[in-house]
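Undergrad: What follows is a structure written as structure tokens; I'll ask about it next.
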Amino acid sequence: MTYYSMGMQVVRCCSRAGVPGPCTRQWAVQLRSLAATGACRRASSGTCTAALRNVAAAASAAGVATDGASISSSSSSTSTQPAAKVDYEAVIGIETHVQLSTKTKAFCSCASEFGAEPNSNICPVCLGHPGTLPVLNADVVRKGVLAGLALDATICLSSKFDRKQYFYPDLPKGYQISQYDVPLCEGGWVEVVVPDSGAGTSVRRIGITRAHLEEDAGKLVHGGAASLSGSDYSLVDFNRAGVPLLEIVSEPDLRTGAEAAAYGAEMRRIMRFLGVSDGNMAEGSMRCDVNISVRPRGRAAFGTKVEIKNMNSFNAMQRAIEFEIVRQVDALEGGREGEVVQETRLWDEGRQCTYSMRKKEGLADYRYFPEPDLPELTLTEAYVQELRASMPELPRQLRERLLGLGLSQYDVLVLSDDAEVAAYFDAVLAAGAPAKPAANWVMGDVMAHCKEVRLGWEQLAARMAPAALAEMISLIEDGTISGKIGKDVLPALLAGEGGAGGGSVRALVEARGLVQISDPAALAAIVDGVLAANSKQLQAYREGKTKLQGFFVGAVMKESKGRANPKELNRILMQRLAAPPS
Amino acid sequence: MNPPHTLQSYTEMRVLRTTNIRAKPADMRLSLVCGSLHGPLHAARDQVARRGTSATELTTAYLRQLHSAETQLQCFLAVDDEYALRQAALIDSRLAQGEDVGPLAGVPIAVKDNLCTQGLQTTAGSRGLHGFVPTYDATAVARLRAAGAVVLGKTNMDEFGMGSSCENSGYQPTFNPWDTKHVPGGSSGGSAAAVAAKQCIAALGSDTGGSIRQPASFCGVVGVKPTYGRVSRNGLVAYASSLDCVGPIAQSVADAAAVLTVIAGSDLADATCSQKPVEDYTAGLLPLDNLSSKPLAFKRLALIQEACGEGVDAGKSGLRHIVVAGVTAALAGAVRHLQELGAEVEQASDRPATYYVIALSEASSNLSRYDGVRFGQRGAADELKNMYASSRHSGLGSEVQVARRILMGTYALSAGYYDAYYKRAQQVRTLVRREMNMALGRFDALLCPAAPTTAYRVGEKSCDPLSMYKGDLMTVNLNLAGLPAVCLPCGFSGQAAGNALPVGMQLIGRAFGEADLLKLAHIYEQTSGVVTILPSVFIESASAKHD
């Protein structure tokens, strides 16, 4: 059904191009044997199981899973005698493709939205029709420069575009417009907070080699099977063709899967904070390719590099790296060096393993040359400065600021993970709430509620104004209500009954008769009443059964319908209990 | 007012100077009588604007001539009579309502087949694009239409512009209207021949390494290769993107200037198109009787010596031996005439080009899109690689030119060869550009033949690609430097009755100096008396139409 409708779209796209020929049918024939030629062949299930077993063995023996800082050979892991272990480390670099969230594509005015009907956002330019020319979208440059500045990279005031040439059905022009030897951004670094094996974290700086602009390709949809192999035919959806990408290349500074996952998460956070990309891995608006090799610790030379693709979450990336480290170490240890070759492997989420997609025979020759259809990209220092001045707060800066408020490392990480959460939290602070209780409320009941009902933080703000939450917190802080009552009132606030704050929450609390009783005289009267009504227990208390204090607190609370100020209540109660009755 | 002897003195000069120039003073008098600029375009549009004739009548007459000459010449790959007449009728109805239809109201124009025309098949002369009907108009075409021009059809060309004779079309050869045993030149041979045979009033061509100028020279018409970036490339099927230019081919300098004025100018769809404002290129062109006796006084021109076989070191560039005597003689005559008009003519030097490395590298990339996936012809195959191979083999390079050039370009860009070829070629290109600009700092224009020979015989060079490449050496450096040039008839070669063939002179100007260049060419054209009247049957039908 889906394939059928896509097939219709391809035909439509062809008819727009004025092609009389039956595109779809021939197309169907031609890709079938692409699969058959073994261009994409999965590893046998046997290989996969063996490797998985090794993961388990190595993980248990060497503690690979989380910190993975040290990986010892798995072959010796089952042995009881401590043979001379070679200590391996992994060397990992990541190429991140970030789709820039511009309204239109990089070189034409088609919409670049995700999820549109196949081949509905296309034009002669992004289909590579004869005679068409690319014209650079200024917003692509703006977002690219913002990202470069956020990565502390040098913005090249004069960069250029090049053609990367290869044939593939999803590449309309037979070349991709990219930046080869003079990228937009050079050098840079990103700060990564990595959870370590304990409860703590460590902070690392990962170098950024470069970041350059390029265009995305279209998408192949394989018919008759879930993937290319076994499919009867393939269709092309060109909606994605020409969508702008920023390719960010890291230095080979990463050592573990956890670091890589933290790097990816921080990269996404930065792009989201900047508003240059939504960083949605599931929709492909952020894609990470991992380059990984292992070497005996202390050796300077790199081992043979393997590329891993097809991970659609950071968690998957971490697991793929951990799998691959074990696979490579195991091969080297077992004297099977030939199993580690320069190749591209794909992560199979279902089977939790990587498998070989294609072997690289030497370097692919992309015959790069300068794109003659686009003039050099020249920026002025003033333009860059203007963008620098317009930069929003970055995750790293936010973390520093929140730490400065006295919040714990854990609180800071939770609050700074998402720009919307941080913005909400900041709004609560701005409305006068103290940091720690504000953090507790935002990270606690409020976040739980958002997750439970799948509510975005901007939508949340529309229902429960940050100032309303701030007012409630201040009511707790000044003793007007107790924390417990706060929790009881929260659902009303989340339902939008708390108004805009600045008095509206107090009014709500008063209207519901939930204001805490803190007046000593009033409390004393209740306490006296309770003690009088429970003389037997009072006597028992005075005879040494001090555990009965809880009984009296409960009774007073019940009597006050939960409104008694607990602190004041305790003070008065203890006073009364200690003093002999007058 | 100018002294009444002006015309007389030019006539004398003409008689003095040469015997192989065909003068037809009557024509000149006609343009003087009209008081407007010389050329059928100006005559036609004035008539249409004055309602002396209708766009429909004009279009009908040209379509009749087009079809009558077509059997012998094969200039067109697609003609849509009905569509052309509909356009003409629309213009007539707008004129009837008193609307300003534009500077080319009712002018029938042909378009080279590598310029996209919405709704009209565009193949760039390639079988691979058979059946491709663009969804949009090239910017130059859209501007012509907006100016009131009527597009008659698409003209033949060497496949993707690769060739210099129109014999490398994937569909048919075109023949030279001066002598149908000869080629019209290329790659814009269809456009040049159609203009010469009066199948249209003017035509659009494109010039990557001489593809407007050489066929204009072979067919005795005026061709203008504008400065790179003067006319938008949007909608031009790319051959070599950094060299490609769209330009007019017409029967007079003034006509070409009128078309250029319409098509030139910045375009948001082409990032390499210049933002410089466009002048009215006809504004500076004076009718003959308004010219002084020495209209080129204080003009400094330079003859590129290597291109004329006159330089001492000419052998170095390998050009000397390929320029034929008839061309040299015609050019020498032109130089003398320019001197008589007051210009100083010196000699300058040029260097051999690295044109082909750049052109073919870019071409190999530009032609990658013809993969059979999205448009054009798809070869039958059961597997992806075979589908590519089959589509590209049967679609491109049904003429070996294309396949050969793709291979050479691919090679030049390959790892390990890039520095030696492409990069080095770009360095030499920078030198060529610098030297030509330096020369143009000293001179108002450079001149040389547009081709080393006159139109050669069909089949004469098709098996000898190297000699065809050599033929391009007169024109390619200009494309590397991005400079403008006008090619206009300066005489004839071969005096035996009936087989004289036109010789074209190339005037090279400063970047964006089209206005000055056209002024110079116009003065030469108006005073030289070189009148190109076709010797064959085409005269009769053409003049019949004009009456």
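Undergrad: Whose amide H sits under 5 Å from the amide H of B:Ala302, counting only residues 5 or more places off or on another chain, with H placed in the peptide plane?
TA: Amide H neighbours of B:Ala302, under 5 Å, 5+ apart: B:Glu346, B:Ala445, B:Leu446, B:Leu447.
Undergrad: Pick out the long, greasy-scoring helices in chain B: whole DSSP H runs spanning 27 Å or more along their own axis by Cα, mean Kyte-Doolittle at least 0.5.
TA: Membrane-span-like by this criterion, though nothing is claimed about a membrane: none.
Undergrad: Set the bar at 20 Å for Cα to Cα. Now go through A:Lys487/A:Lys567; A:Lys105/A:Lys164; B:Lys112/B:Lys470; B:Lys154/B:Lys519; B:Lys112/B:Lys519; A:Lys451/A:Lys487 and name every pair that lies beyond it.
TA: Beyond 20 Å between Cα atoms: B:Lys112/B:Lys470; B:Lys154/B:Lys519; B:Lys112/B:Lys519.
Undergrad: Quick one: Karplus J couplings for region A:395-401, per residue in order, coefficients 6.51, -1.76, 1.60, θ = phi - 60°, nearest Hz, x for Gly and Pro?
TA: In residue order, the calculated couplings are x, 5, 5, 4, 4, 4, 5 Hz.
Undergrad: Considering Cα pairs under 8 angstrom that are at least six residues apart, work out the relative contact order of region A:90-370 and quote it in whole percent.
TA: Reported relative contact order: 22 percent.
Undergrad: From the phi angles alone, apply the Karplus equation (6.51, -1.76, 1.60; θ = phi - 60°) to region A:483-491 and give each ³J(HN,Hα) in whole Hz, x where the residue is Gly or Pro.
TA: Going residue by residue, I get x, 4, 5, x, 4, 5, 7, 3, x Hz, with x marking Gly and Pro.
Undergrad: Using the Cα centre of region A:520-578 as the reference point, and only Cβ charges (+1 on K/R, -1 on D/E), how large is the resulting charge dipole? Debye, rounded to the nearest 20.
TA: Dipole size: approximately 140 debye.
Undergrad: Moving on. Quick one: putting +1 on the C-beta of Lys and Arg, -1 on the C-beta of Asp and Glu, what dipole do you get for chain B around its Cα centre, in Debye to the nearest 20?
TA: Working: 49 positive and 48 negative charges, 126 e Å.
Roughly 600 debye for chain B.
Undergrad: Still on this structure, I have one more. Per residue of region A:294-301, in order, report the coupling 6.51 cos²θ - 1.76 cosθ + 1.60 (Karplus, θ = phi - 60°) as ³J(HN,Hα) in whole Hz, putting x for Gly and Pro.
TA: Computed from phi, the couplings for region A:294-301 are 10, 8, x, 4, x, 7, 7, 5 Hz.
Undergrad: Report the one residue of A:Gln385, A:Gln352, A:Val329 whose Cα lies farthest in the direction of the positive end of the charge dipole of region A:322-429 (charges on C-beta: Lys and Arg +1, Asp and Glu -1; origin at the Cα centre).
TA: A:Val329
Undergrad: Counting C-alpha atoms alone, how compact is region A:90-370: give Rg to one decimal and Dmax as a whole number, in angstrom.
TA: Cα-based Rg and Dmax for region A:90-370 come out at 19.2, 61 Å.
Undergrad: I'd like the projected area of chain B, averaged over all directions, using the convex hull of its alpha carbons. Report it in nm² with one decimal. Write down the numbers at each step before the final one.
TA: Working: hull surface 95.9 nm².
With the hull built on Cα positions only, its mean projection is 24.0 nm².
Undergrad: What is the mean number of Cβ atoms from other protein chains located within 10 Å of the Cβ atom of each residue in peptide A:370-381, rounded to a whole number?
TA: 3
Undergrad: Also, quick follow-up: How do A:Tyr175, A:Tyr355 rank when sorted from fewest to most other Cβ atoms within 10 Å of their own Cβ?
TA: Result, fewest neighbours first: A:Tyr355, A:Tyr175.
Undergrad: Summarise the partner chain shielding of B:360-371 as one whole number: the mean count of Cβ atoms from other chains within 10 Å of each residue's Cβ.
TA: Other-chain Cβ atoms within 10 Å of each residue's Cβ, averaged: 5.
Undergrad: P(r) for region A:94-144: what percent of alpha-carbon pairs falls in each 5 Å bin, starting at zero?
TA: Histogram of Cα-Cα distances, whole percents per bin: 4, 19, 25, 23, 18, 8, 2, 0.
Undergrad: Something else now. What ranking of B:His522, A:His97 emerges when the number of other C-beta atoms within 10 Å of each C-beta is taken as an exposure proxy, fewest first?
TA: Listing B:His522, A:His97 from fewest to most nearby Cβ atoms yields A:His97, B:His522.
Undergrad: A further question on this structure: To two decimal places, what compactness ratio does region A:393-511 give when its Cα radius of gyration is scaled by 2.2 N^0.38 Å?
TA: 1.00
Undergrad: Take the Cα atoms of region A:520-578, find their three principal axes, and give me the spread along each one in whole Å, biggest first.
TA: That works out to 29, 18, 17 Å along the principal axes.
Undergrad: Now a separate question. Could you give the dipole magnitude of region A:393-511 about its Cα centre, charging the beta-carbon of Lys and Arg +1 and that of Asp and Glu -1, in debye to the nearest 20?
TA: Dipole about the Cα centre, nearest 20: 140 debye.
Undergrad: Related question: What does the structure give for A:170-182 when I average, per residue, the other chain Cβ atoms found within 10 Å of the residue Cβ?
TA: Numbers: counts 1, 4, 6, 5, 10, 4, 0, 0, 0, 0, 0, 0, 0.
Across A:170-182, the average partner-chain Cβ count within 10 Å equals 2.
Undergrad: Long-range amide H contacts for A:Ile517: which residues qualify at under 5 Å (H placed 1.01 Å from N, peptide plane, sequence gap of 5 or more or a different chain)?
TA: A:Ala564, A:Asn565
Undergrad: Let me ask something additional. For each of B:Val195, B:Val246, count neighbouring Cβ atoms within 10 Å of the residue's Cβ, then give the residues from fewest to most. Let's see the in-between values first.
TA: Details: B:Val195 34, B:Val246 29.
Least crowded to most crowded, the residues run B:Val246, B:Val195.
Undergrad: For a quick check: with amide H placed at 1.01 Å from N, whose amide H comes under 5 Å from B:Cys245's, ignoring anything fewer than 5 positions away on the same chain?
TA: The answer is B:Asp207, B:Thr208.
A short reminder: the numbers here are calculations on the coordinates, not readings from a lab. Keep in mind it's a predicted model, so treat the numbers as computed, not measured. Quick reminder, even Gly has a Cβ in these numbers, built from the backbone with ideal geometry, and neighbours come from all protein chains shown.
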